[in-house]
1. Tell me the strands (runs of 3 or more DSSP E) entirely within segment 51-121 that contain at least 1 residues that are modelled with pLDDT under 95, more than 17 Å from the chain's Cα centre (by Cα) and surrounded by 14 or more Cβ atoms within 10 Å (Cβ to Cβ).
2. Can you find a residue in segment 129-139 that is basic (Lys, Arg) and farther than 26 Å from Met61 by Cβ?
3. Restricting to segment 122-156, name every residue that is in a helix (DSSP H, G or I) and of a type in the set (D, E, K, R).
Amino acid sequence: MKNERARRRHLRQSNTAGKKGEIGACTQRPWQKSIKSDSENENMGYRMPHFYLVQINVTYMDKAIDWYTNVLGFELSKQHNYYPIAVDLVHEGPRLILHKAEKPASIDYPNVARILICIQTEDIEASLKNLKNEGVELIHEKPLEFPMGMYAAFRDPFGNVHELVEIRSR
């Protein structure tokens, strides 16, 4: 009897009941939109947000193009080239652009919240050795373990921090 009164009081106070007497049913909040298939979203004129591009801000575009193509191995896009303001880098994955900035980044890695670009490699030890031979500022001289494998951070000439990641095979 006592538990039944407590349950009813909770249902009245929380206003989360679905059907009368149903426990644990919650009203949906505005930010908790249900995920629908693409065809359902298109029919409703609604589309889930999708990842469009990553922008890397650089202070010197020519130096950035040289560094990202010759040191990291990206290719310059011929299709999306807005030099000297922005250029696209060709790779597998979401669109990646270099964009002209006034000041270099000043990042206190890993203590500051920020977006981080992780570049996957099959052999992190060899990749770190190559970066070191190219004169890249390594934040981690040796790879560190994390649940999915190993990682090591490095800094580009403009202060941006990126990570190399080697995913452990299952």
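1. 75-82, 86-90
2. Checked against the condition, which is being basic (Lys, Arg) and farther than 26 Å from Met61 by Cβ, segment 129-139 yields at least one hit.
3. Passing the criteria: Glu125, Lys129, Lys132.
Yes or no, residue by residue, for (1) outside the structural domain of Lys132 (by TED's automatic domain parsing); (2) without any contact (Cβ under 8 Å) to a residue 60 or more places away in the chain:
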position	(1), (2)
Thr59	yes, no
Ala64	yes, no
Trp67	yes, no
His91	yes, yes
Pro110	no, yes
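The values are calculated or read from the model by the stated rules, or taken from the named source; none is laboratory data. If you're wondering where the values come from, they're calculated on a predicted model, not measured in any experiment. So basically every Cβ, Gly included, is an ideal-geometry build from the backbone, and we count neighbours across all protein chains shown.
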